[in-house]
1. If you take Rg and Dmax of the Cα atoms in Å from the coordinates, which of (1) 18.9, 56; (2) 19.7, 62; (3) 21.2, 71 do you get?
2. Can you give me the Cα centroid spacing of the stretch 217-232 and the stretch 149-196 in angstrom?
3. Defining a contact as two alpha carbons under 8 Å apart and six or more residues distant in sequence, what relative contact order in percent does the stretch 224-334 show?
4. Taking θ as phi - 60°, what are the ³J(HN,Hα) couplings along the stretch 257-273 by the Karplus curve (6.51, -1.76, 1.60), each to the nearest whole Hz, with x for Gly and Pro?
5. Pop out the Kirkwood hydrodynamic radius of the stretch 1-118 from its pairwise C-alpha distances, inverse of mean 1/r, in Å to one decimal.
6. Going through the stretch 181-225, which trypsin sites (Lys or Arg not before Pro) have at most 14 other Cβ atoms within 10 Å and a DSSP loop state?
7. Starting from a Cα-only point model with no solvent, please compute log10 I(q)/I(0) by Debye for the stretch 210-334 at q = 0.18, 0.19 1/Å.
8. I'd like the Karplus ³J(HN,Hα) series for the stretch 213-219: coefficients 6.51, -1.76, 1.60, θ = phi - 60°, whole numbers in Hz, and an x wherever there's a Gly or Pro.
Amino acid sequence: MSEAVVIEAPGEHRLTSHDPRQPAAGEALVRVHAVGICGSDREVYQGNRPEGYVRYPLTPGHEWSGTVEAVGAEVPASLVGRKVVGEGFRNCQVCDRCHAGETTLCTAGYEETGFTQPGAMAATLTLPARLLHVLSDDADLTAAALLEPAACIAAAAMKARALPGERVAVVGTGTLGMFAVQFLKAGSPAELLVVGTRDDREALSRRYGATDFRLKDQELPDDFDVVIETAGSASAARTAAALLRRGGRLVLTGIPAPRAEGLDPTDLVVRQLEVHTVFGAPPDAWAHTVRVFGAGLLDPLPLVTHELPLDQFPHAIELVGSGDPKVGKVLLHP
């Protein structure tokens, strides 16, 4: 029997039977191979996600990979049987931001797979075919399930505009941080520093291309050209800003707790820092990520530590929030 996870309300979930929704015009039905769990899924389950950014009852799951099983009218039949990943933001396609390619800023309002629209913690997922990105026939679908967080970091790397020979740094050593290291390494930096709170992440950081690793409480430099922050805390943002030279470029990707104390505006102005933020990934970042993955320049599999069946959803949520250094990316297989 096909199953799906449904979160009825914060702290309340059930495993229910799942009937695939046949694709309407412009849609595709995807057989889900794997779906990742991140901190935002835990927020949905606990009820901590900001108002307007979740709608209950809900089937979660925004990080996923799968194979197209059927398509609706106006969708090329050649998509059937192809391995795919998909964008989450259900943009309107007609507002000025969408026309500019900034679909995560769609003025029609926020709609995203796994948060306000049914997600991939089910046997199948039906969604607009225009959101799909096709993978090569030999792509590893388990690895591809991590391309959503990778795409978010691709958006950060594109905003950072790191040039070959620049000194770059990453603050944070989780999944996002390790993707940031890989994207920045591909740009041939002169130095690539990783700053974190866990010394057990040094080996993986260096494996992905870091030339230096330091703990957050150690003495840190202050003359880097580019820093990408991925840790999601206000203190991490301040550490990231402090690493920069005057006129340096900072990209923030983490979301601190509400009412967290932010960066010092006086410091930003006096040092003329260029600050960007990322929330989700627009189409160009997705396309870039799929190309980089296809070229073998991203290696997601070492980040995966647990693969569980769908009925282990509660255990998976516990693992993600456990703080256990042995827990990395957790995947569910419907």
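The values are calculated or read from the model by the stated rules, or taken from the named source; none is laboratory data. Since we're looking at a predicted model, the values are computed, not measured. With ideal geometry, Cβ positions are generated from the backbone for all residues, glycine too; neighbour counts draw on all protein chains shown. Quick note on the areas: whole protein, heavy atoms, side chains included, nothing else; ligands and nucleic acids left out. Shrake-Rupley method; radii C 1.70, N 1.55, O 1.52, S 1.80 Å.
1. It is the one labelled (2).
2. After rounding, the separation between the Cα centres reads 11 Å.
3. Normalised by residue count, the contact order of the stretch 224-334 is 19 percent.
4. 5, x, 6, 5, 6, x, 6, 7, x, 4, 4, 4, 6, 4, 8, 6, 6
5. 15.6 Å
6. Listed in order of number, the matching sites are Arg198.
7. -1.21, -1.25
8. Rounded to whole hertz, the list is 9, 9, 7, 4, 8, 7, 5.
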